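The values are calculated or read from the model by the stated rules, or taken from the named source; none is laboratory data. Predicted model only: the values in this text are computed from it and were never measured. Heads up, the Cβs are rebuilt from the backbone with ideal geometry, glycines too, and the neighbour counts pull from every protein chain shown. To get the accessible areas, we keep the full protein, side chains included, count just its heavy atoms, and leave off ligands, DNA and RNA. Shrake-Rupley method; radii C 1.70, N 1.55, O 1.52, S 1.80 Å.
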Amino acid sequence: MERENKVWWKNAVGYQIYIRSFSDSNNDGIGDLKGITNRLDYIKSLGVSFIWICPFYDSPMDDNGYDVRNYYKVDKSYGKMTDLEKLIREAHARDIKVVIDLVLNHTSDENEWFVKSEKKVEPFTDFYVWKDGKVVDGKLCPPNNWVSFFSGPAWKYSEKRKQYYLKIFSNKMPDINYENETAFSEMEKVIDYFGELNVDGFRVDAIAHIGKDLTFADAKNIKKTYKSFSNLPNTHEYLKRFNRAFARNNMVTMGELGGDPTKQDLIKYTTQKELDMIFSFEHTNIFTKNHMINRKALFKALKYKEGLSDSNGWSVLFWLNHDYPRLISKIRNVCDPKNAQICLAGLMYMLKGTPIIYNGEEIGMENYQFKKPSDFKDVNAKMIFENTDNIDEAFNNLKETTRDHSRTIMQWDGSKNAGFSEVKPWSYVNENYKKCNVEKAMKNKDSILNHYMQLLNIRNSVGQELIDAKYRLWMKGAVIGYSIDTISQIIEVVANLGEKEKKLKLNGETLYSNMNIADNLKPYQIVIAKRNK
Ligand code: NOJ
């Protein structure tokens, strides 16, 4: 496949695949690479031009693969390197590009780099962030007050090395020290290796955190200790160097930018030639505790994302991923959740940026009903329970927020295990799989799936023009809309996010509506229209 079109990703639609839960080809209860290959025609039919596959590397699976033991090996539950090669070939044959997760911030503690580092075998001694503990009241304590994203201290003591290592995620995920040359050169080799394999790009995991406050002082704000390892100047420095490796392989990058970056921080990542696209998370706060939509927050978030694509940057447009609950469950108390999801999809995916749909989103997969603390599989949930005195409160919170919701089994059809596998899957199958599955949704003209296909079809037909278009976003009461001024036409996107009808005044040809067009916009109706200039 030609690699010349350097900015193919500005006119593309992505599909994120959580490999473990997607499709099981060998009936061991775990999704795998061949399973993805088997589903490429379905993915293509959605209007998707690239896939992003979550980590498939050899791993002890403490964090389902984000803890990489060996970057050059596919985990045995997911297949072999030859399966990856075949998947890339088959995807390219269908004009689908392949983006994979690249974990640069940390490895598994079972990675041989860490095993050597712990024993101080050169040149790996300083490959990770090692520090002596502090003695407080005669007791050995972590070097500072930093807290892990998964709860509890960000440090773990190594009996072998008699020092603490930094781990801002789980205990088994030691952070890499990029002040160390070997760490850089080993990771550059990994990038080159996948470039050689014809991978088209990386979703760069937790990239905002690769730079740390190198004074390792206590953070002043104990509630925000992550600021000491998020979006710091050395992150930008390290990324500039990595960018040379991405560029020489002609690979696109989409960076996950957590840790509360400011708009200025975000703009730096793209304008300073560090990353191509940015994932920012401001839109995750548009949902109320009561499972409704906060329209003002939604308007602000849409404007913010579009604005980022305007400042020589480029946003990834997404509603959820494998770290968030299901979209339709977040808005389950509105009067028409199905059409509300379609409105949110239309508003987000017609913006300037690159849409990525999360597997299962397109059929409106819902949250799972967790009944007790031991139901959770995610290491994050387990660490929260380990570090709390109030299990009930933690459970009530996790019931809504756990990452396990988005990791339940992909619902393909109404057969046993939702068509994912012939054996009991590693995770839960939502009870609603007989009603909510791909096979059924394909046959129903009014399904979320069919609406997504129509929306993505429109997006693809005008995608090239959107790159340089001028956007004007507006909000009037419950109605949010925008006009897109392209070279040849004006496209209007208008959605009624209220529960009452609203006057509709749109001229031009209707490209799409999720309900019949009348004089009024019905609750949760979205219309896209165009007129020539
Ligand atoms: C972000 C990933 O999306 C998440 O799933 C993972 O746990 C952390 N980074 C650590 O790799």
Task: Hits in segment 297-317 (condition: assigned to a helix (DSSP H, G or I) and not aromatic (F, W, Y)) - done: A297, L298, K300, A301, L302, K303, K305, E306, G307, L308, S309, D310
Open item on the list: Looking at the structure I just gave you, is Y72 touching a residue at least 12 places away in the same chain (Cβ under 8 Å), closer than 27 Å to E186 by Cβ and either of a type in the set (V, I, T) or within 16 Å of the ligand (Cβ to nearest atom) (or both)?
Closed with: no
- [ ] Hand me the list of strands (runs of 3 or more DSSP E) wholly inside segment 131-170 holding 1 or more residues that are of a type in the set (A, V, I, L, M).
- [x] 134-136, 139-141, 163-166
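I'd like the full set of residues that are open to solvent by less than 60 Å² (accessible area, probe 1.4 Å), touching a helix residue (DSSP H, G or I) at 6+ places or on another chain (Cβ under 8 Å) and either small (G, A, S) or assigned to a loop (DSSP other than H, G, I, E, B) (or both), limited to segment 286-296.
Matches in segment 286-296: I286, H291.
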Open item on the list: Please go through segment 352-403 and give me each residue that is more than 23 Å from the chain's Cα centre (by Cα), touching a residue at least 40 places away in the same chain (Cβ under 8 Å) and buried (at least 19 other Cβ atoms within 10 Å of the Cβ), ordered by number.
Closed with: none
- [ ] Pick out the one residue from K220, K189, K240, K224 that is in a helix (DSSP H, G or I) and farther than 22 Å from F127 by Cα.
- [x] K224
- [ ] For C343, indicate whether it is in contact with a Phe, Trp or Tyr (Cβ under 8 Å, 6 or more places away or on another chain) and either among the aromatic types (F, W, Y) or surrounded by fewer than 22 Cβ atoms within 10 Å (Cβ to Cβ) (or both).
- [x] no
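Output the residue which, of all residues in segment 97-125 that are of a type in the set (V, I, T) and open to solvent by 10 Å² or more (accessible area, probe 1.4 Å), is nearest to the ligand (Cβ to nearest atom).
First, pick out the residues of segment 97-125 that are of a type in the set (V, I, T): 98-100, 103, 107, 115, 121, 125.
So of that shortlist, the ones also open to solvent by 10 Å² or more (accessible area, probe 1.4 Å) come out as 115, 121, 125.
On the way: V115: 20, V121: 25, T125: 24 Å.
It comes out as V115.
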Open item on the list: Pull out all pairs, ordered by first then second residue, where Cβ-Cβ is under 7 Å, the residues are six or more apart or on different chains, the first lies in segment 75-96 and is open to solvent by 30 Å² or more (accessible area, probe 1.4 Å), and the second is of a type in the set (K, R).
Closed with: R94/K44
Task: From G138, G152, G133, residue being modelled with pLDDT of 95 or more, exposed (fewer than 15 other Cβ atoms within 10 Å of the Cβ) and farther than 30 Å from A12 by Cβ - done: G138
TODO: Test each condition in (1) polar (S, T, N, Q); (2) modelled with pLDDT of 95 or more; (3) more than 25 Å from S513 (Cβ to Cβ) for N333 and report the one that comes out false.
DONE: (3)
Task: Residues of segment 437-482 that turn out to be over 24 Å from L504 (Cβ atoms) and basic (K, R), as a count - done: 2
Task: Selection from segment 168-193 of residues that are of a type in the set (D, E, K, R), within 16 Å of the ligand (Cβ to nearest atom) and over 11 Å from W130 (Cβ atoms) - done: K172
- [ ] Under 9 Å between Cβ atoms, at least 6 apart or on separate chains: pull out the pairs that start in segment 300-323 with a residue that is closer than 19 Å to A469 by Cα and within 16 Å of the ligand (Cβ to nearest atom) and end on any residue that is open to solvent by less than 10 Å² (accessible area, probe 1.4 Å) and hydrophobic (A, V, I, L, M, F, W, C).
- [x] V316/M254; V316/M277; V316/I278; V316/F279; V316/I356
Task: Positions within segment 191-230 being over 24 Å from D276 (Cβ atoms) and acidic (D, E), in sequence order - done: D213, D218
TODO: Answer yes if at least one residue in segment 198-206 is in a helix (DSSP H, G or I) and either closer than 28 Å to L87 by Cβ or of a type in the set (K, R) (or both), and no otherwise.
DONE: no
Task: Restricting segment 14-71 to residues that are outside any loop (DSSP other than H, G, I, E, B) and of a type in the set (D, E), the residue that is least open to solvent (accessible area, probe 1.4 Å) - done: D58
TODO: State yes or no: is Y165 within 16 Å of the ligand (Cβ to nearest atom), closer than 29 Å to M254 by Cα, buried (at least 20 other Cβ atoms within 10 Å of the Cβ) and more than 24 Å from the chain's Cα centre (by Cα)?
DONE: yes
Open item on the list: As an exercise: evaluate T37 against (1) touching a residue at least 40 places away in the same chain (Cβ under 8 Å); (2) in contact with a strand residue (DSSP E or B) (Cβ under 7 Å, 6 or more places away or on another chain); (3) away from the ligand (no atom under 16 Å from the Cβ) and give the number of the one condition it does not meet.
Closed with: (2)
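Working carefully through the options R326, R332, find the one that is open to solvent by less than 40 Å² (accessible area, probe 1.4 Å) and under 19 Å from Y452 (Cβ atoms). First the steps, then the outcome.
Working: R332 fails: open to solvent by less than 40 Å² (accessible area, probe 1.4 Å).
The match here is R326.
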Task: Positions within segment 445-462 being open to solvent by less than 20 Å² (accessible area, probe 1.4 Å) and either among the hydroxyl-bearing types (S, T, Y) or modelled with pLDDT under 95 (or both), in sequence order - done: S447, Y452
- [ ] Give the number of residues within segment 259-269 that are open to solvent by less than 60 Å² (accessible area, probe 1.4 Å) and either under 19 Å from M348 (Cβ atoms) or in contact with a Cys (Cβ under 6 Å, 6 or more places away or on another chain) (or both).
- [x] 1
